[in-house]
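The values are calculated or read from the model by the stated rules, or taken from the named source; none is laboratory data. Values in this document were obtained by computation on a predicted structure and should not be read as measured data. Note that each Cβ is placed from the backbone with ideal geometry, even for glycine, and that neighbours are counted across all protein chains shown. The area values use the complete protein model at the heavy-atom level, side chains included, leaving out ligands, DNA and RNA. Shrake-Rupley method; radii C 1.70, N 1.55, O 1.52, S 1.80 Å.
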Amino acid sequence: SLLLNRLPTAVTMGATNGSLTAAKKLRLMVRKNLKNNGPPGVRWKQLSPKYKKFKKRKGGNTDNIWYFKGTYYKNIKVMKKNGSVYVGVPAYKRSTINSKPKTLGQIANMLENGSTATGLPARPLWKPTFKEFGGKPEIAKHITIGIRREVFLLTGIRPKVTM
């Protein structure tokens, strides 16, 4: 009876721990791809000479396309909200580059999808990195491993799972 009462907690803890493990791995991959000017196999259009001059004048990094001063890069975080785990940038955090600062989420969306209003070409980072990571099946694998680990710690039994 004690085992049955504690099993749901072990499953919940395992799922959370597995989600956190997957999120941390994804965060590392996003940051690596950001530093490397794009995910493997994705070629981003080079910066226009005009924007490169602007970036240099503002003290930004002209060698990396997505990386300006590091604000975005440093704010890619693993976050928990309402029992779910997310990888991204905090909604409240703003860029300090322009006189009308945008949130980092707005900037990510503009860079990911491009902007016809500003003539910014799409420079996909998140979608291709998630695909490189392995997508939903990889997240499911991490969650399954987390649950198995917690059930083993609770019972001493190694549960077998087929997917």
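For LYS81, indicate whether it is over 18 Å from LYS127 (Cα atoms) and surrounded by 14 or more Cβ atoms within 10 Å (Cβ to Cβ). It would help to see each step written out before you state the result.
Details: over 18 Å from LYS127 (Cα atoms): yes; surrounded by 14 or more Cβ atoms within 10 Å (Cβ to Cβ): no.
In short, no.
Which of the residues spanning region 21-43 are touching a strand residue (DSSP E or B) at 6+ places or on another chain (Cβ under 9 Å) and crowded, with 16+ Cβ neighbours inside 10 Å? Write out each step before concluding.
Taking region 21-43 as the starting set, the residues that turn out to be touching a strand residue (DSSP E or B) at 6+ places or on another chain (Cβ under 9 Å) are 22-24, 26-27, 30.
If the condition is that a residue be touching a strand residue (DSSP E or B) at 6+ places or on another chain (Cβ under 9 Å) and crowded, with 16+ Cβ neighbours inside 10 Å, then ALA22, ALA23, LEU26, ARG27, VAL30 are the ones that fit.
Show the residue pairs meeting these rules: Cβ distance below 7 Å; 6+ apart or different chains; first residue within region 43-60 and under 14 Å from LEU120 (Cα atoms) and in contact (Cβ under 8 Å) with a residue 24 or more places away in the chain; second residue surrounded by 10 or more Cβ atoms within 10 Å (Cβ to Cβ) and among the small types (Gly, Ala, Ser).
These pairs meet every condition: TRP44/GLY38.
Being under 15 Å from GLY38 (Cα atoms), of a type outside the set (A, V, I, L, M, F, W, C) and open to solvent by less than 40 Å² (accessible area, probe 1.4 Å) is the filter here, so list the residues in region 110-120 that pass it.
Result: GLU112, GLY114.
Can you tell which of ILE107, ILE143, ILE157 is surrounded by 15 or more Cβ atoms within 10 Å (Cβ to Cβ), touching a helix residue (DSSP H, G or I) at 6+ places or on another chain (Cβ under 8 Å), closer than 30 Å to LEU7 by Cβ and not hydroxyl-bearing (Ser, Thr, Tyr)? It would help to see each step written out before you state the result.
Values: ILE107 fails: closer than 30 Å to LEU7 by Cβ; ILE157 fails: surrounded by 15 or more Cβ atoms within 10 Å (Cβ to Cβ).
None of the other options fit; the residue is ILE143.
Does region 23-37 contain any residue that is touching a residue at least 12 places away in the same chain (Cβ under 8 Å) and assigned to a loop (DSSP other than H, G, I, E, B)? Explain how you work it out, then say what you get.
Our first condition is that a residue be touching a residue at least 12 places away in the same chain (Cβ under 8 Å); within region 23-37, this holds for 23-27, 29-31, 33-35, 37.
Within this subset, residues satisfying the condition of being assigned to a loop (DSSP other than H, G, I, E, B) are 37.
Yes: region 23-37 contains one or more residues that are touching a residue at least 12 places away in the same chain (Cβ under 8 Å) and assigned to a loop (DSSP other than H, G, I, E, B).
Regarding MET79, is this residue aliphatic (A, V, I, L, M) and over 23 Å from GLN106 (Cα atoms)?
Values: aliphatic (A, V, I, L, M): yes; over 23 Å from GLN106 (Cα atoms): no.
In short, no.
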